[in-house]
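Worksheet: the structure to be examined is printed underneath.
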Amino acid sequence: MDRFLTIGEVADLKAVSVDTIRRWEKEGKIKSVRTEGGHRRYKLSDFLEEKVGRTIAYARVSSHDQKADLDRQDMVLSAYCQSKKWDYEVIRDLGSGMNYRKKGLQKLIEALLDGDVSRLVISHKDRLLRFGSELIFAICEYHGVEVVILNKKEDATFEEDLAADVLEI
């Protein structure tokens, strides 16, 4: 007998919102069954199949002085991907989190838009961009790319975000 998941469990599993799961169902990307009470349930086995595509791990630091941190990020991302037995590629970038023209970031965006990526792995949310990482996450959501953030911290206050942004500038 197959195990069934609630819409919230599927949203957590895919790292997207409940509204996205509803939209995917409406678009025919996923299927649900309804309980007697009308609630959606999803077969776990439908989500265990691996999407054909590659895993990209993205590492970035702001300056040459932080090369040791870039090597550390690469090592951590690689170890994580290897532990999951994923076929992966690490994209390394050097440049400001506010620079959208970094070669590695451009390569990542092109791969996401081409649709041949099944998973994006990053060490921290701000490794993508200081401002605008939500745009990358939206591209991932649109293409059904799973986003794995290894070090999720609690949401910072507005003042903490502002202080970090000013320091970056």
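The values are calculated or read from the model by the stated rules, or taken from the named source; none is laboratory data. Just so it is clear, the model here is predicted, and its values are computed rather than measured. Cβ coordinates were reconstructed from backbone atoms using ideal geometry, including for glycine residues, and neighbour counts include every protein chain displayed. The area values use the complete protein model at the heavy-atom level, side chains included, leaving out ligands, DNA and RNA. Shrake-Rupley method; radii C 1.70, N 1.55, O 1.52, S 1.80 Å.
Quick notes on this structure:
- Note on the range 32-108: antiparallel DSSP beta bridges, both residues inside, total approximately 20 percent of the bridges counted.
- Here the accessible area is traced with a 1.4 Å probe on the protein chains. For the range 25-102, carbon and sulfur cover 51 percent of it.
- Computed magnitude of the charge dipole of the chain (debye, nearest 20; Cβ of K, R +1, Cβ of D, E -1): 540
- The chain - share of DSSP beta bridges that are antiparallel (%, nearest 5): 20
- Cα-Cα over 30 Å, subset of LYS29/LYS103; LYS102/LYS152; LYS107/LYS152; LYS14/LYS102; LYS67/LYS125: LYS29/LYS103
- Based on protein heavy atoms only, the chain ends up with 63 Å² per residue of surface accessible to a 1.4 Å probe.
- Distance from the range 67-116 to the range 3-61 (C-alpha centre basis), Å: 25
- Of all lysines in the structure, the ones whose alpha carbon falls short of 16 Å from that of LYS85, not counting any fewer than 8 places away in one chain, are LYS51.
- Each residue of the range 56-61 was assigned a 3J(HN,Hα) from its phi angle through the Karplus curve 6.51 cos²θ - 1.76 cosθ + 1.60 (θ = phi - 60°); the sequence is 10, 9, 10, 10, 8, 10 Hz, with glycine and proline shown as x.
- Per-residue Karplus couplings for the range 65-71, computed as 6.51 cos²θ - 1.76 cosθ + 1.60 with θ equal to phi - 60°, are listed in order as 4, 9, 4, 4, 5, 5, 4 Hz, Gly and Pro entered as x.
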